[in-house]
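Below you'll find the structure, written out as structure tokens, and then a few comments.
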Amino acid sequence: MGSEIARVGIIGAGQMGKGIAQVCAASGYTVALNDISDQRLAEAVADIDSTLQRQQERGQIDAAVRSAIVGRIGTSSSYDAFSDCDIVIEAASENEELKRKIFNQLCPVLRKDAIIASNTSSISITRLAASTDRPELFIGIHFMNPVPRMQLVELIRGIVTEDDTFEKSRSFIANLGKTITVSEDFPAFIVNRILLPMINEAIYTLYEGVGSVDSIDTAMRLGANHPMGPLQLADFIGLDTCLSVMQVLHEGLADSKYRPCPLLVKYVEAGWLGRKTQRGFYDYRSGAPVPTR
């Protein structure tokens, strides 16, 4: 295996994928960003450039640095772009069947020594690794959202993950200027094992009529000093992602305390997924968030 990571592949140009692409490019890595949609790829690069433009306007970077960062990001709707990558990070939707399908198509184009990482926030790394041709070169690298601003990255080994894979991944994350926390491979790892049941409990509190959206979020913002209320945070994460994580916890640990709130299920079934669909626990269509309950 090569001594270090230089070229990074990223699958998925959504909120997480484009954030990972930005921090990797800003740290000097050459990035190949992939998505099934060319339009989404173009929008992702434009969004990254807009973010960098704001940093430039604040005097945090200059025009040359901004241009260099964007210049390190190449895009492709084909996995062939990953043929010379040292590591490929999958940042697709939190859906195990989809991730398995991606790995099945990805493995044949990769170098035999290339590491595969998943940005999954809850799914078993051991199980995902088993669906590839290189479980010893597979690892969980869970970035927090929004990636450029959040300091933490969870690193999760599967049962078969080799020490060399772990150490290379650890060095790679350190080079991004992030802080690493190591989690064992249990459902939802550390952050979401604690965070998502709290969000689910806030939704139960709303569902049972204990408080309104505004009163619950105000209570946790001012009473627990959280930067944003749990329902506002759920909208930011995406209610479909919240539901997926709760389902993984409920199925993986078989404990009724992880049962997804029926109201969360109903919102997802309605297509009210939070900010990305303009409606969730808040309605964002007018510009200013308005509680929906």
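Laid out as a table, the results:
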| item | result |
| --- | --- |
| Glu43-Asn95 pseudo-label distance in nm [points 7 Å out on the Cα-to-Cβ vector] | 1.6 |
| Farthest toward positive dipole pole in the stretch 192-291 [+1 Lys/Arg, -1 Asp/Glu at C-beta], among Ala254, Ser286, Gln232 | Ser286 |
| The stretch 1-36-the stretch 230-247 distance, computed between alpha-carbon centres (Å) | 25 |
| Burial ordering of Thr51, Thr292, fewest other beta-carbon atoms within 10 Å first | Thr292, Thr51 |
| Loop-exposed GluC sites (Glu not before Pro) per DSSP, neighbour cap 15 Cβ within 10 angstrom, longest uninterrupted part of the chain | 5-183 |
| Spatially proximal aspartates and glutamates relative to Lys112 (Cα-Cα < 12 Å; intrachain offsets below 8 disregarded) | Asp84, Asp86, Asp133, Glu136 |
| Angle between the chain longest axis and helix 163-175 axis [Cα atoms, degrees, rounded to 10] | 70 |
| Aspartates and glutamates with Cα under 15 Å of Lys266, excluding same-chain neighbours fewer than 8 positions away | Glu208, Asp235, Asp240 |
| The chain - mean residue ellipticity at 222 nm from DSSP helices (-39,500 (n - 2.57) per run, n ≥ 4, rounded to 500) | -13500 deg cm²/dmol |
| Normalised contact order of the stretch 192-291, rounded percent, pairs of Cα under 8 Å and 6 or more residues apart | 26 |
| Summed residue charge, Cβ within 13 Å of Arg259's Cβ, Lys/Arg positive, Asp/Glu negative | -2 |
| Most fluctuating residue given options Leu264, Leu253, Leu33, as computed from a GNM of the chain linking Cα atoms under 10 Å | Leu253 |
| Formal net charge of residues neighbouring Val160 (Cβ-Cβ distance under 13 Å; K, R +1; D, E -1) | -3 |
| Distance (nanometres) between label positions extended 7 Å along Cα→Cβ at Ser67 and Asp84 | 2.3 |
| Charge context of Arg275, other residues only, Cβ under 13 angstrom, K/R +1, D/E -1 | 0 |
| For the stretch 7-183: relative contact order, % (alpha-carbon pairs under 8 angstrom, 6 or more apart) | 20 |
| Those lysines that a straight Cα-Cα span of less than 19 Å connects to Lys18, excepting residues fewer than 8 apart in one chain | Lys99, Lys178, Lys276 |
| Residues Val8, Val45 arranged by fewest to most Cβ contacts within 10 Å | Val45, Val8 |
| Cα-based helix-to-principal-axis angle, 239-253 vs the chain, degrees rounded to 10 | 80 |
| Cα-based Rg and Dmax for the stretch 143-287, where Dmax is the largest Cα-Cα distance (Å) | 16.9, 52 |
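All of the numbers you see were taken from the coordinates with simple rules; none came from a lab. Given the structure is predicted, the values throughout are model-derived calculations rather than measurements. So basically every Cβ, Gly included, is an ideal-geometry build from the backbone, and we count neighbours across all protein chains shown.
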